[in-house]
Amino acid sequence: MHPRGDEITSYEAEQNTDSIVSAWLTSGAPAAKLLLGVTANVNTIKLLSASENGVGARTAGRGKGGPYTLTEGLLSYLELCEAKAKDGWVPILDRTQMAYYVIAGDQWMTYDDPRIMEQKASYIVSRGLGGMALFNAENDDVRNNCRGGSYPLLRSINQGLSRKIEGDEALSTSTTTTTTTTTTPRPVTTPTTRVTTTTTRMTIPITTTKAPTTTAVTFPQFCPDNGYYVDPSNCGVYYRCIPKGVFVSVWKYTCSQGLYFNTIKLLCDNPANVRC
């Protein structure tokens with residue numbers, strides 16, 4: 001939600017919700033036309049080392065998927081709360097970035113709970129924004145499996161927006177889960193991809209046809225610059241090159257069988273549409 005205070009560049013200091021909202025408003029965008037996006041998803045990340053697990057720790061790719069969503073790098077809020085109850089995971093609150101994270105071995109998971117959703121909804125009111133968009137609402141606790149009420153995230157948003165829900169006088173948006181607060185350490189300087197707690201960004205991600213499989217690898221010879229590059233020996237394989245002084249962090253992606261990566265559209269496409 002806010003800068004951590006230890007960012008190295010001004011660009012890094014602007015990669016948070018408050019700075020992005022302020023930039024839109026300063027540029028003349030009507031506040032009433034801005035919607036703040038949140039999600040019922042949980043981002044899961046694999047740590048490079050289980051012993052190095054604070055904010056800024058080095059990562060080695062996407063984390064494990066959940067038993068229902070079956071998607072690499074993703075859990076639903078329901079899957080997370082069930083796993084916390086079963087395995088005794090203790091959530092840690094990053095007060096600066098207004099997000100929780102949980103560490104389980106080499107798995108690092110970041111998410112918004114009902115309390116954070118309510119605070120973000122209140123932020124919308126304070127900035128005069130048009131509203132909030134909840135993505136993947138089906139990943140909320142729809143049937144009250146975690147005993148916090150049905151749709152706890154969605155209901156917390158309504159609470160933060162000061163919207164009364166008929167027949168919901170007994171609603172409680174607080175949780176009784178024990179939490180541990182932490183101060184955000186300064187990230188290590190090793191040039192690799194790092195974990196950050198959840199921040200809502202007003203950008204559109206690049207999408208592919210079906211979810212590609214990914215692996216964290218190091219192939220600097222395929223990275224002349226920042227961006228996406230096709231494997232010279234296989235048009236169905238491409239790389240996301242992430243610069244940090246020198247190219248040491250590269251993501252390898254594999255398109256679904258029979259598809260080629262389209263460097264113009266930046267997605268996996270029919271071979272007939274790709275020059276390979």
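Please go through segment 1-37 and give me each residue that is closer than 14 Å to L129 by Cα and hydrophobic (A, V, I, L, M, F, W, C), ordered by number. Hits for segment 1-37 are I20, V21, A23, W24, L25, A29, A31, A32, L34, L35, L36.
Scanning segment 69-92 for residues that are small (G, A, S) and either surrounded by 17 or more Cβ atoms within 10 Å (Cβ to Cβ) or in contact (Cβ under 8 Å) with a residue 60 or more places away in the chain (or both) yields G73, S76, A83, A85. Scanning segment 1-21 for residues that are more than 23 Å from G54 (Cβ to Cβ) and open to solvent by less than 40 Å² (accessible area, probe 1.4 Å) yields I20, V21. Filtering segment 98-109 for residues that are under 19 Å from G160 (Cβ atoms), of a type in the set (G, A, S) and free of Cβ contacts under 8 Å to residues at least 60 places away in the same chain leaves an empty set. For segment 122-153: of the residues being open to solvent by 70 Å² or more (accessible area, probe 1.4 Å) and out of contact with any Leu (no Cβ under 8 Å at 6 or more places or on another chain), which is farthest from A31 (Cα to Cα)? Once the filter is applied, the top-ranked residue is R147.
To keep it simple, each residue is scored yes or no on (1) more than 23 Å from I157 (Cβ to Cβ); (2) among the hydrophobic types (A, V, I, L, M, F, W, C); (3) at pLDDT 95 or above; (4) touching a strand residue (DSSP E or B) at 6+ places or on another chain (Cβ under 8 Å).
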residue	(1), (2), (3), (4)
N43	no, no, no, yes
L48	yes, yes, no, yes
G54	yes, no, no, yes
R58	yes, no, no, yes
G61	yes, no, no, yes
P67	yes, no, no, no
G88	yes, no, no, no
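Of the set (1) open to solvent by 20 Å² or more (accessible area, probe 1.4 Å); (2) out of contact with any strand residue (DSSP E or B) (no Cβ under 7 Å at 6 or more places or on another chain); (3) closer than 27 Å to S162 by Cα; (4) not aromatic (F, W, Y), all apply to R95 but (2). Restricting segment 125-154 to residues that are in contact with a Pro (Cβ under 9 Å, 6 or more places away or on another chain) and not in a helix (DSSP H, G or I) leaves a set whose member that is farthest from A32 (Cα to Cα) is C146.
So for segment 250-269 (the condition being of a type in the set (D, E), surrounded by 13 or more Cβ atoms within 10 Å (Cβ to Cβ), over 19 Å from T59 (Cβ atoms) and at pLDDT below 90), does at least one residue qualify? No, because not a single residue in segment 250-269 is of a type in the set (D, E), surrounded by 13 or more Cβ atoms within 10 Å (Cβ to Cβ), over 19 Å from T59 (Cβ atoms) and at pLDDT below 90.
Any residue at all in segment 50-61 that's without any contact (Cβ under 8 Å) to a residue 24 or more places away in the chain and either open to solvent by 20 Å² or more (accessible area, probe 1.4 Å) or closer than 17 Å to C146 by Cβ (or both)? Yes, segment 50-61 contains at least one residue that is without any contact (Cβ under 8 Å) to a residue 24 or more places away in the chain and either open to solvent by 20 Å² or more (accessible area, probe 1.4 Å) or closer than 17 Å to C146 by Cβ (or both). Based on what the data block shows, is G56 out of contact with any Leu (no Cβ under 7 Å at 6 or more places or on another chain) and not aliphatic (A, V, I, L, M)? Judged against the criteria, G56 is a match.
The values are calculated or read from the model by the stated rules, or taken from the named source; none is laboratory data. A quick note: this is a predicted structure, and the numbers were derived from the prediction, not measured. Using ideal geometry, Cβ is built from the backbone for each residue, glycine included, and neighbour counts are taken over all protein chains shown. All accessible areas refer to the heavy atoms of the entire protein, side chains included, with ligands and DNA or RNA removed. Shrake-Rupley method; radii C 1.70, N 1.55, O 1.52, S 1.80 Å.
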